[in-house]
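Reading through the structure tokens given below for one structure.
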Amino acid sequence: PKPINQVKLAWCLMNSKARTVPASKYMLMLTEAHELLEPLATRAWVGNDKVDFITALARNRLITVQMKQAKNSFDLEDCAQKYQHLVEVIQSRPAFEGWLGPMTLVVLSACKADLGHYSEALDSYIAAEQSFRNNGLGSHSEMFYALVGQYQILCTLDRWAEAEEVAQRAINFQ
């Protein structure tokens with residue numbers, strides 16, 4: 001019944017896809033995650049940092065579910081716009097836990113990469129890495145995804161020397 005537990009359960013449902021879970025069952029799990037998150041993610045900002053943090057986290061997770069459910073580039077563009085707006089809200093709320101902003105930038109980056117907007121995705125991954133570092137979270141687990149994302153985009157853009165440097169940072173990540 002606690003909102004944070006609803007968010008955690010939804011996240012588990014979204015991330016529980018294994019090779020043994022048929023796609024149809026996974027889509028049902030995403031639907032269940034969506035149903036858990038939507039009431040929390042659509043509530044209004046109330047000005048209470050603890051409550052609003054859960055709302056922001058639920059919005060982040062709901063958009064991620066929607067991204068996984070996306071059927072076309074229009075849906076992905078909608079997700080990218082929602083992530084961008086959420087990044088701006090989080091940046092305006094310095095009392096939120098420091099990992100939420102850069103983590104949202106990481107998923108925004110992945111969304112932009114899925115859309116083929118590689119330069120924008122790379123910029124977002126770099127901003128996420130810098131934000132983790134600025135918040136004293138250079139060893140946060142999500143930082144690894146910012147590095148791997150940068151590496152993948154740099155490879156896609158045939159920027160091999162830069163990719164190699166980022167790969168080395170990811171390998172040495174602790």
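Roughly speaking, what % of Cα-Cα pairs in the stretch 52-174 are separated by over 18 Å, rounded to a whole number?
Values: 3808 of 7503 pairs.
Of all Cα-Cα pairs in the stretch 52-174, 51 percent lie more than 18 Å apart.
Can you list the aspartates and glutamates whose alpha carbon sits under 18 Å from that of Lys8, skipping same-chain ones fewer than 8 residues off?
Partners within reach: Glu32, Glu35, Glu38, Asp52, Glu97, Glu142.
So, with a 1.4 angstrom probe, what is the percent of accessible area on the chain that is carbon and sulfur? Please report the intermediate quantities before stating the final value.
Numbers: 5140 of 9500 Å².
Percent of accessible area from carbon and sulfur atoms in the chain: 54.
How many times 2.2 N^0.38 Å is the alpha carbon radius of gyration of the stretch 127-170? Mind dumping the intermediate values first?
Details: Rg = 10.5 Å, N = 44, 2.2 N^0.38 = 9.3 Å.
Its radius of gyration relative to the 2.2 N^0.38 Å reference: 1.14.
With the chain treated as a Gaussian network of Cα nodes joined by springs under 10 Å, which of Ala44, Ala146, Ala110 yields the largest mean-square fluctuation?
Highest fluctuation of the listed residues: Ala44.
Under a 1.4 Å probe, what is the accessible area of the stretch 52-174 per residue, stated in Å²? Walk me through the numbers on the way to the answer.
Working: 5970 Å² over 123 residues.
For the stretch 52-174, the solvent-accessible area averages 49 Å² per residue.
Once both axes come from the Cα atoms, what is the angle between helix 73-91 and the longest principal axis of the chain, in degrees from 0 to 90, rounded to 10?
Compared with the principal axis, the helix lies near 90 degrees.
Treating only the Cβ of Lys, Arg, Asp and Glu as charged (+1, +1, -1, -1), what charge dipole size does the stretch 1-115 show about its Cα centre? Round to the nearest 20 debye. If you can, show how the numbers build up before the last one.
Numbers: 14 positive and 11 negative charges, 75 e Å.
With Lys and Arg at +1 and Asp and Glu at -1, about 360 debye.
Using only the heavy atoms of the protein chains and a 1.4 Å probe, how would His117, His34 rank by accessible area, largest first?
Numbers: His117 60, His34 35 Å².
Descending order: His117, His34.
How many Å³ per residue does the convex hull of the Cα positions in the stretch 15-79 occupy? Intermediate results must be reported in sequence, preceding the final value.
On the way: hull volume 5.5 nm³, N = 65.
Spelled out: Cα convex hull of the stretch 15-79, divided by residues, is 85 Å³.
Can you check how the C-alpha radius of gyration of the stretch 85-124 compares to 2.2 N^0.38 Å, as a plain ratio? Can you show the working numbers first?
Details: Rg = 10.9 Å, N = 40, 2.2 N^0.38 = 8.9 Å.
Normalised by 2.2 N^0.38 Å, the Cα Rg of the stretch 85-124 equals 1.22.
For each pair in Lys25/Lys50; Lys25/Lys82; Lys25/Lys112, compute the distance between the two Cα atoms and list the pairs where it is over 29 Å. Write out the running numbers ahead of the final one.
Details: Lys25/Lys50 34 Å; Lys25/Lys82 26 Å; Lys25/Lys112 27 Å.
Flagged as over cut-off: Lys25/Lys50.
If you project the alpha carbons of the stretch 86-154 onto their three principal axes, what span does each projection cover, largest first, in Å?
Result, largest extent first: 34, 24, 13 Å.
What number, rounded to the nearest 500 deg cm²/dmol, is the helix-based mean residue ellipticity at 222 nm of the chain, given -39500 (n - 2.57) per DSSP H run of at least four residues and division by all its residues?
Counting only the DSSP helices, I get -25500 deg cm²/dmol.
For the stretch 1-120, compute Rg over Rh where Rg is the Cα radius of gyration and Rh is the Kirkwood radius from the inverse mean 1/r over Cα pairs.
Values: Rg = 14.3 Å, Rh = 14.8 Å.
Here the Rg-to-Rh quotient is 0.97.
Given the options Leu62, Leu13, Leu108, state which has the largest fluctuation in a GNM of the chain using a 10 Å cut-off (strictly under) for Cα springs.
The residue that fluctuates most here is Leu13.
Of the chain, which part is the longest with no trypsin sites (Lys or Arg not before Pro) in a loop (DSSP not H, G, I, E, B) and with at most 11 other C-beta atoms within 10 angstrom?
On the way: sites that count: Arg19, Lys71.
Here the longest run is 72-174.
For the stretch 48-106, build the convex hull from the C-alpha positions and give me its volume per residue in Å³.
Working: hull volume 3.8 nm³, N = 59.
Convex hull volume per residue, Cα atoms: 64 Å³.
The values are calculated or read from the model by the stated rules, or taken from the named source; none is laboratory data. Note that the coordinates shown come from a computational prediction; the quantities given were computed from them, not determined experimentally. Quick reminder, even Gly has a Cβ in these numbers, built from the backbone with ideal geometry, and neighbours come from all protein chains shown. We work out accessible area using only protein heavy atoms, side chains counted, and drop any ligands, DNA or RNA first. Shrake-Rupley method; radii C 1.70, N 1.55, O 1.52, S 1.80 Å.
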